[in-house]
Amino acid sequence: MRTRLLFLCGVLLPALAIAQTASHLSPRVKPFVREDAPVIVLAHVRVIDGTGGAARANQSVVIRDGKIVEVGDAASTKAPDGAKVLDLTGRSVIPGLIGMHDHMYYPAPLGPPAMYPEHATSFPRLYLAGGVTTIRTTGSVEPYTDLELKKSIDSGASVGPKIHVTGPYFEGPGSFTPQMHELKDAEDARRTAEYWVAEGVTSFKAYMHITPDELAAIVKVAHAHGLKVTGHLCSIGFRQAASIGIDDLEHGIFADSEFVEGRKPDTCPEGRETVEDSLLNLDATSGPLHDTIRDLIGKHVAVTSTLPVFETIVPNRAPIEPRVLDAMLPEARIQYLTRRSSISDGAAKSHWPALLKKEMEFEHEFAKEGGLLLAGLDPTGYGGVIAGFGDQREVELLVEAGFTPLEAIHIATANGAEFLGEQNAIGTIAPGKAADIVVINGDPSANIKDIENVEIVFKDGVGYDSAKLIDSVKGLVGLR
């Protein structure tokens with residue numbers, strides 16, 4: 001299990017939403033702008049508002065100065081004088097997706113050692129093109145780059161989503177990449193956390209070999225500053241982490257070692273299959289796993305779903321999509337397809353189909369019982385999970401896990417806004433909120449795969465051309 005988890009790398013002060021118009025954007029950004037006017041009306045559109053409520057047909061959404069000011073029946077909603085009216089018959093709108101495990105890096109095609117170069121060119125554009133208007137980086141290998149990239153996007157000098165920057169990984173001895181600092185003790189953890197608070201990060205992430213004392217030190221610093229802590233754990237079980245005060249847990253039960261028989265305290269179990277085997281016979285609706293679910297909910301700990309990265313480990317899973325392959329550097333594409341083929345060759349002995357199903361059952365039960373389930377993609381693994389495209393795939397997989405399309409969209413929008421403390425600004429389509437709106441050709445409330453048909457992505461009222469953003473970075477993923 002250890003080597004399986006190693007490659008799966010994978011608040012807060014609310015990010016300030018800056019109402020932008022194209023006139024304030026740099027010449028590098030303006031070519032990607034498709035719609036910009038002080039007042040825009042999205043007319044005759046199907047509204048899927050992110051609340052989980054039923055889709056509403058033939059609506060008009062009025063946007064003024066980057067905000068939603070009115071949503072109502074197209075027949076009775078009058079376009080303001082001078083408004084630019086877009087006839088979106090046959091289209092749907094959803095709130096901008098909020099990616100809660102959306103790194104700015106991607107695995108390099110060569111190694112060892114495992115390296116994850118920052119993708120400050122391709123990923124911001126691909127996130128936005130896919131309808132992702134807000135992200136949490138959920139572990140940074142170049143936190144200064146992420147902080148500076150956020151500044152550049154917020155100022156209009158670059159194109160991309162709103163970014164909540166997570167600090168560098170808090171990891172103990174055993175890190176699988178030299179891009180992570182290995183903590184010495186709890187004082188090192190405290191000092192490091194205080195430093196990055198001062199630098200401007202808005203959350204922290206604990207990693208696989210951290211000790212309980214180190215986690216407690218980070219939680220204390222974060223909570224003192226109004227920030228939150230998440231974790232991709234192994235040395236610490238979920239219930240223990242919840243008792244320490246962690247706010248979020250990444251990946252679901254794939255990262256939970258508490259069920260391993262005879263597990264040594266504060267140690268990530270050795271052996272690739274150990275944690276995986278401990279999960280296979282658990283029932284999410286009763287027994288020890290259900291007790292964990294109830295404990296997490298009782299302590300208000302969220303769980304972030306990252307189904308796309310795990311789907312790549314399941315033989316013959318994850319559609320081979322031309323748009324994903326076209327985005328990759330040739331060497332990255334070859335490495336991904338070669339590894340995918342090797343996994344498929346071992347299909348007869350793989351227990352990953354059962355594990356993916358178990359994770360889906362866990363996530364569905366967690367949400368059903370009242371837990372706050374978040375959505376992300378985690379663009380790590382051995383490649384193939386790519387910014388924007390992977391966020392859409394996450395919503396599709398939530399539907400496969402048993403959620404309705406409306407519920408899955410709610411998880412990927414409103415739930416993220418709630419965790420970030422920005423539910424009054426983003427996450428649903430409603431008057432007074434930022435005009436972060438995705439225009440989709442089709443009806444994802446009836447056919448969730450239509451979520452891939454993104455045409456325009458409004459961020460603070462400026463409409464970006466999805467196709468142009470994607471075309472601008474073809475062949476760059478795996479490089480930059």
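The values are calculated or read from the model by the stated rules, or taken from the named source; none is laboratory data. Quick caveat, the model's predicted, so the values are computed rather than measured. All Cβ positions, even for glycine, are placed from backbone atoms using ideal geometry, and neighbour counts span all protein chains on display. Just so you know, the surface numbers come from the protein's heavy atoms only, side chains and all, with ligands and any DNA or RNA stripped out. Shrake-Rupley method; radii C 1.70, N 1.55, O 1.52, S 1.80 Å.
Brief remarks follow.
- Checked against (1) within 30 Å of GLY226 (Cα to Cα); (2) in contact with a His (Cβ under 7 Å, 6 or more places away or on another chain), THR89 meets all criteria but (1).
Let's see how each residue does on (1) at pLDDT 95 or above; (2) crowded, with 23+ Cβ neighbours inside 10 Å:
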site: VAL11; (1), (2): no, yes
site: ILE18; (1), (2): no, no
site: THR21; (1), (2): no, no
site: LEU42; (1), (2): yes, yes
site: VAL45; (1), (2): yes, yes
site: ALA57; (1), (2): yes, no
site: PRO95; (1), (2): yes, yes
site: PRO109; (1), (2): no, no
site: ALA120; (1), (2): yes, no
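- Screening the candidates THR304, THR274 for the property of being β-branched (Val, Ile, Thr) and open to solvent by 30 Å² or more (accessible area, probe 1.4 Å) yields one hit, THR274.
- Helices (runs of 4 or more DSSP H) within segment 164-272 that include 1 or more residues polar (S, T, N, Q): 186-199, 238-244
- Single residue of segment 382-421 satisfying the filter (open to solvent by 10 Å² or more (accessible area, probe 1.4 Å) and assigned to a loop (DSSP other than H, G, I, E, B)) that is nearest to THR138 (Cα to Cα): GLY421
- Residue match in segment 283-290 (condition: in contact with a strand residue (DSSP E or B) (Cβ under 7 Å, 6 or more places away or on another chain) and either assigned to a helix (DSSP H, G or I) or farther than 21 Å from HIS103 by Cβ (or both)): no
- Of all residues in segment 457-477, at least one satisfies being farther than 30 Å from SER23 by Cβ and at pLDDT 95 or above.
- Meets criteria (under 24 Å from GLU422 (Cβ atoms), in contact with a helix residue (DSSP H, G or I) (Cβ under 8 Å, 6 or more places away or on another chain) and buried (at least 18 other Cβ atoms within 10 Å of the Cβ)) for GLY66: no
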